[in-house]
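The values are calculated or read from the model by the stated rules, or taken from the named source; none is laboratory data. Not measured: the values here are computed from a predicted model. Because the Cβ atoms are built from the backbone with ideal geometry, glycine has one as well, and the counts that use them run over all protein chains shown.
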Amino acid sequence: MRSNALCNRIGDLFEKAEGKVLSMFTTAGYPQLDDTLRVCKALQDAGVEMIELGFPFSDPLADGPTIQRSNERALQNGMSLSVLFEQLQGLRPAIRVPVLLMGYLNPVLQYGPERFCASCAEVGIDGLILPDLPIDEYCERYQSMFADYGLRSVFLITPQTPPERIRRLDGLATGFLYVVSVASVTGSKLAVDDSRKQYFQRIHEMKLSSPTMVGFGIHDRLSFEDSTALLRGGILGSALLQALEKSNDIESDVRAFVHAIRSDS
Amino acid sequence: MNYNVDTRGFFGSFGGAYIPEMLVPNIAELQACYREVIEEAAFQSEFQQLLRDYVGRPTPLYPARRLSEKLGYPLFLKREDLNHTGAHKINNAVGQILLAQRLGKRRIIAETGAGQHGVATATVCALMGIECVVYMGEIDMHRQAPNVQRMQMLGATVRAVTSGSRVLKDAANEAMRDWIANPEDTHYIIGSAVGPHPYPDMVMRFQSVISEEIRWQLPAQTPYTLPHSIIACVGGGSNAIGAFARFLDTPEVALIGVEAAGKGLDSGETAATIARGREGVLHGSRTLVMQTSDGQITEAHSISAGLDYPGVGPQHAHLARTGRARYVSATDEQALAAAHELARLEGIIPALETAHALAYLAQHDAGPDEPVVLCLSGRGDKDMAAYSEHHRKEMSF
């Protein structure tokens, strides 16, 4: 299981990808309980290069209405970390792209942090995004555990994050930095205005050692291209979930959604 | 034993700031300055002046003669219900609005359950001429309708929360989301001793005026020097921590928190978090939380909207774990009966939240020379619909 540590799909991706990296977030167990791998496969087949798989939480306080609804629905469907790890037994080798788990800390605490990392490594998860895990606690209790199980860490930065903290997070991240594009919960649809361009410029000029992936507010081709112009790639979540919410045919709807963002895929 | 917050924002193993990066700058700003600002002479003088002239402090420590006779021990009621706006919540709201002004914030947000904190926040915002948005669960807006009207009359915008279980916990989620979207000009006035550090400690400091006054009123007005015990209801736990604060390091004073058992501790419909919760993270702090084995937060149940919360302040979790305070519970029915009893014996209609503390008194063990202080945290006008319905049911038997 620790062979994960030797070669990591996230590192390989950023090393090899030539254009902007396209990543997508989806909620595990959504729209139906057993759709988790089906959606991942459809995303991979449509050309998505990295997947963030959200495990649902009852109180997602950094998320807007779309992801809140997907969390509620997934929980109603019966999703839990135990069910998810069972489903993910079939993740590899069918899914070749890097897959990260993303979610709130409380379910991880109840599952047991070490057991959680072990389960991630066992099914071939490449990295973790736990936005409400405090940095000091990460350094004290999680950093070496993540490393032992070959899991890459991802940290968020926002337009309000001071430069010295960005440097610290850059030093700690082993996967990438998640550049939150705007002060907002997930799912806002904002144009890339001058203040966001200046923010991306500022991040670009810091010449950070971690790859920078921008997320929050990307919902179409224009916002993807504008947001990623100076950064390594971009992440879409709410817009995809909205497409899935109405979907009768996951494969073709995911393909259409991804191609509308980037037709060369 | 240290019962107060440490330099890292923890009470023992509880507390901390478990927040997404979007909230880190706001919280870091507060962490960096709150103690310094609160301790400034100019701040304290303005705070004390407002508590006296606007809120109406000190509140009386009233010897409840008829209830004492019935109970067999001397009972004193700390009359927080006589504060302006009718509950202890205003103490914290006044403190935080002064802090917000010093931070240059131009907009205030708050969550509310029973509406008492929302009313207190709307009140201080009107006083200072600051915009105010209050998030309130749709279900609570219905069961505490008079408070919705009060907030609106005071100029606040009340936003109905339709997500999740549509009560206090969900209102707190929505307020956090608002704060994420408005990180620079907005201050979030949390109403209870919950949330990320420094909120639990800050709210305790503003509410500790309750125990400060008990500490001098009891020897000044009665033959006793110290209370035998102090009793208060606990949802998030702000009135209780305020009533306990100055006695934490006086071990001869017993501290008792009364949680809302709802329909019973084992009914599956309860809000008694210390009795039924496990360690977890909710609303930015590590504390006791009612949750499933998968770590999903469960819905609390209490007839009292102010106690209807699946978490509890981290300092209470610490006081429970160390044994410094003892936590008991009272059901919906017991609370309703206790409210009627206080009305008939003392001519005081208490809030439903407070009624839970009153419901415990009959089981409390104290002798005829052992003075007991109960924090009468709020008045019951807002709960008249529930009281009338209960009264009708009792009469129909």
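Residues in region B:204-249 that are in contact (Cβ under 8 Å) with a residue 12 or more places away in the chain, of a type in the set (S, T, N, Q) and surrounded by fewer than 22 Cβ atoms within 10 Å (Cβ to Cβ): B:S208, B:Q217, B:Q221, B:T222, B:S229. Does at least one position in region B:97-107 carry a residue that is within 14 Å of chain A (Cβ to nearest Cβ) and at pLDDT 95 or above? Looking through region B:97-107, at least one residue is within 14 Å of chain A (Cβ to nearest Cβ) and at pLDDT 95 or above.
So A:A243 clears everything in (1) assigned to a helix (DSSP H, G or I); (2) crowded, with 18+ Cβ neighbours inside 10 Å; (3) in contact with an Asp or Glu (Cβ under 7 Å, 6 or more places away or on another chain) except one condition, right? Which one? Unmet for A:A243, out of (1) assigned to a helix (DSSP H, G or I); (2) crowded, with 18+ Cβ neighbours inside 10 Å; (3) in contact with an Asp or Glu (Cβ under 7 Å, 6 or more places away or on another chain): (2).
Yes/no per residue for (1) aliphatic (A, V, I, L, M); (2) at pLDDT below 95; (3) surrounded by 18 or more Cβ atoms within 10 Å (Cβ to Cβ); (4) over 20 Å from A:K20 (Cβ atoms):
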| residue | (1), (2), (3), (4) |
| --- | --- |
| A:R168 | no, no, no, yes |
| A:A173 | yes, no, yes, no |
| A:V179 | yes, no, yes, no |
| A:A183 | yes, yes, yes, yes |
| A:G187 | no, yes, yes, yes |
| A:L190 | yes, yes, no, no |
| A:D194 | no, yes, no, yes |
| A:K207 | no, no, no, no |
| A:M213 | yes, no, yes, no |
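The set of residues from region A:115-148 being among the small types (G, A, S) and closer than 16 Å to A:F85 by Cα comprises A:A118, A:S119, A:A121, A:G124, A:G127. Listed by position, the strands (runs of 3 or more DSSP E) contained in region B:146-258 that have at least 2 residues being within 14 Å of chain A (Cβ to nearest Cβ) are B:157-161, B:186-188. B:L51 falls short on exactly one of the conditions (1) in a helix (DSSP H, G or I); (2) among the hydrophobic types (A, V, I, L, M, F, W, C); (3) farther than 23 Å from B:I348 by Cβ, and that condition is (3). I'm told B:G280 meets every condition in (1) farther than 22 Å from B:S377 by Cα; (2) touching a Phe, Trp or Tyr at 6+ places or on another chain (Cβ under 8 Å); (3) part of a strand (DSSP E or B); (4) not charged (D, E, K, R) except one. Can you identify the failing condition by its number? Condition not satisfied by B:G280: (2).
Taken over region B:6-19, the residue count meeting the criterion of being under 24 Å from B:P251 (Cα atoms), touching a strand residue (DSSP E or B) at 6+ places or on another chain (Cβ under 6 Å) and part of a loop (DSSP other than H, G, I, E, B) is 1.
If the condition is being charged (D, E, K, R) and either buried (at least 24 other Cβ atoms within 10 Å of the Cβ) or not assigned by TED's automatic domain parsing to the domain that holds B:C233 (or both), then region B:309-345 contributes only B:D332. Evaluating A:Q44 against the criteria (1) surrounded by fewer than 23 Cβ atoms within 10 Å (Cβ to Cβ); (2) in contact with a strand residue (DSSP E or B) (Cβ under 9 Å, 6 or more places away or on another chain); (3) under 29 Å from A:A183 (Cα atoms) leaves one unmet condition, (3).
Taking region B:363-383, which residues are more than 19 Å from B:I210 (Cα to Cα) and at pLDDT 95 or above? Across region B:363-383, the qualifying residues are B:Q363, B:H364, B:D365, B:A366, B:G367, B:P368, B:D369, B:E370, B:G380. Between B:S304, B:S238, B:S285, the distinction of being within 14 Å of the chain's Cα centre (by Cα) and within 22 Å of B:N2 (Cβ to Cβ) belongs to B:S238 only.
The set of residues in region B:278-291 that are facing chain A (nearest Cβ under 8 Å) and polar (S, T, N, Q) contains only B:Q291. Taking B:E29, is it away from chain A (no Cβ under 14 Å) and either outside any helix (DSSP H, G or I) or not polar (S, T, N, Q) (or both)? Criteria not met by B:E29.
B:D6 fulfils the conditions (1) within 14 Å of chain A (Cβ to nearest Cβ); (2) among the acidic types (D, E); (3) surrounded by 14 or more Cβ atoms within 10 Å (Cβ to Cβ) except for a single criterion, (3). From the list B:E279, B:E299, B:E252, B:E259, the lone residue that is surrounded by 21 or more Cβ atoms within 10 Å (Cβ to Cβ) and among the acidic types (D, E) is B:E259. B:G113 falls short on exactly one of the conditions (1) under 11 Å from the mean Cα position of the chain (by Cα); (2) in the same structural domain as B:S302 (by TED's automatic domain parsing), and that condition is (2).
So that you can scan it fast, the table gives a plain yes or no per residue for (1) more than 22 Å from A:G217 (Cα to Cα); (2) within 12 Å of chain B (Cβ to nearest Cβ):
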position	(1), (2)
A:L75	yes, yes
A:A94	yes, no
A:V97	yes, no
A:L128	no, no
A:P134	yes, yes
A:Q143	yes, no
A:R152	yes, no
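The residue pairs whose first member lies in region B:88-104 and is outside any helix (DSSP H, G or I), whose second member is of a type in the set (S, T, N, Q), and whose beta carbons are closer than 6 Å, counting only pairs six or more residues apart or on different chains, are B:H88/B:N239; B:H88/B:S377. So which residues in region B:41-74 are touching a residue at least 40 places away in the same chain (Cβ under 8 Å), among the small types (G, A, S) and over 25 Å from B:Y224 (Cα atoms)? Passing the criteria: none in range. Looking at the structure I just gave you, is B:L67 away from every other protein chain (no Cβ under 14 Å), assigned to a helix (DSSP H, G or I) and under 28 Å from B:H228 (Cα atoms)? It is true that B:L67 is away from every other protein chain (no Cβ under 14 Å), assigned to a helix (DSSP H, G or I) and under 28 Å from B:H228 (Cα atoms). Among the residues of region B:346-353, is any under 21 Å from the mean Cα position of the chain (by Cα), β-branched (V, I, T), at pLDDT 95 or above and buried (at least 24 other Cβ atoms within 10 Å of the Cβ)? Checked region B:346-353: no residue is under 21 Å from the mean Cα position of the chain (by Cα), β-branched (V, I, T), at pLDDT 95 or above and buried (at least 24 other Cβ atoms within 10 Å of the Cβ).
If you filter region B:367-397 down to residues that are within 23 Å of B:Q221 (Cα to Cα) and touching a helix residue (DSSP H, G or I) at 6+ places or on another chain (Cβ under 8 Å), you find that the one that is surrounded by the most Cβ atoms within 10 Å (Cβ to Cβ) is B:S377. Residue check: B:G295 meets all listed conditions (1) under 27 Å from A:Q76 (Cα atoms); (2) in contact (Cβ under 8 Å) with a residue 24 or more places away in the chain but one, namely (2).
Taking the listed residues A:G150, A:G187, the one that is assigned to a loop (DSSP other than H, G, I, E, B) and over 27 Å from A:F224 (Cβ atoms) is A:G150, with no other qualifying.
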